[in-house]
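Just below is one structure, and these are the notes that go with it.
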Amino acid sequence: MDTTQFNQVHCADALSFFKQQPTESVQAIVTSPPYLGQRDYGAEGQIGLETHPQAYIEALVEIFREAKRVLRSDGTFWLNIGDNYVGATSQHRDGGSQGTNSRYSRKHMQGIPTHGRAARNRTFYAMGLPMKSLVGMPWRVAFALQEDGWLLRCDIIWHRPSKSESVKDRPTHAHEYIFMFSKSQKYYYDRQYMLSDTGANLQSVWRVGGSPFTGAHFAVFPAELIEPIVLTACPEGGVVLDPFAGSGTVGVVCRQHHRHYLLCDISPENVELAHVVFQKALLQMTSGACSIGRISKSL
Ligand SMILES: C[S@@+](CC[C@H](N)C(=O)[O-])C[C@H]1O[C@@H](n2cnc3c(N)ncnc32)[C@H](O)[C@@H]1O
């Protein structure tokens, strides 16, 4: 096994990165791709700004088809993905109804795409989804991956108690999904890390607030959320790959638990951020102040 490119953050597009990896070379894939229409990462070739939802789904299916080749036959793939409503964040029309220079825009719009929303809303409408419809994107992606040959083993609900919304005509949406996929019916799964305090099998609703690393202006999953996944899905010395690494949370958890990691992100800015996050986390680890390194039994 060539380990020289392990434990690094590579700046690359996810599909071409997977294409460079040897077949059946990683034990687990743990990732959170950009959600459709939520963020502009400012990088050419980024996922998530497609105007047609089907194009977004197809882009993810293509990337994860290549991921399947790279994953060991006893490996698992964990996909965190959230939903949204047609027209959400629509206080702003295309171009920003209050102007991109307004105080509101400067405060609230950092990273929120200001173009393409109207076209996307039109395609949603053509699909029978009028404004305010819940899109159901996580399940649309999950079904597409199933059709592409992935075995869907579990839909974990990540309950985010800290999530707030200003809506008054429906309950607050406070969850995302983590889909667990495998290539085969039998796979590596160290179940000791998926047990509750009482020793029972962990249930599929996980309440994790967590405090994400600061410095990112985009969605970062908390280390506490992925820690049990990394430990369950990969033995010590194995390799975990995150093709949409962002601030590098997967790498920090791997480092803490002696797993190799392979991280990739298309944005040079985010690769730089991941380096900063790593330095901070390493300092905390050596000073013993790191908040991870324990399994949250309250899952
Ligand atoms: C939701 S964030 C991931 C956050 C990460 N889980 C964390 O904890 O920080 C999605 C990331 O995907 C990256 N990205 C978008 N399109 C990409 C592509 N085609 N290839 C690789 N990375 C991409 C973005 O730059 C962004 O950093």
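The values are calculated or read from the model by the stated rules, or taken from the named source; none is laboratory data. Remember, it's a predicted structure, so these values are computed and weren't measured experimentally. Using ideal geometry, Cβ is built from the backbone for each residue, glycine included, and neighbour counts are taken over all protein chains shown. To get the accessible areas, we keep the full protein, side chains included, count just its heavy atoms, and leave off ligands, DNA and RNA. Shrake-Rupley method; radii C 1.70, N 1.55, O 1.52, S 1.80 Å.
In straight-distance terms, cross-link reach from K68 covers every one of the aspartates and glutamates whose alpha-carbon lies under 16 Å from its own, apart from those fewer than eight places away in the same chain; here that gives E24, E58, E147, D148, D242.
Packing around the peptides 38-46, 198-206, 231-239, taken as the average count of other Cβ atoms within 10 Å per residue, puts them in this order, highest first: 231-239, 38-46, 198-206. Working note: Karplus 6.51/-1.76/1.60 with θ = phi - 60° gives segment 266-281 the couplings 7, 9, x, 4, 6, 5, 4, 4, 4, 4, 5, 4, 4, 4, 4, 5 Hz, where Gly and Pro are set to x. A 1.4 Å probe over all protein chains sorts K183, K280 by accessible area into K280, K183, starting with the largest. For K186, the aspartates and glutamates whose Cα falls under 14 Å of its own Cα, not counting residues fewer than eight places away in the same chain, are D74.
Amide H to amide H, with H built 1.01 Å from N, R153 comes under 5 Å of M180, F181, S182, counting only residues 5 or more places away or on other chains. Between the amide H of G136 and those of N84, distances stay under 5 Å, these residues lying 5 or more places away or on another chain, with hydrogens modeled in the peptide plane.
Sequentially through segment 136-146, phi angles give Karplus couplings (6.51, -1.76, 1.60; θ = phi - 60°) of x, 4, x, 6, 4, 5, 4, 5, 5, 5, 4 Hz, Gly and Pro residues having no value and appearing as x.
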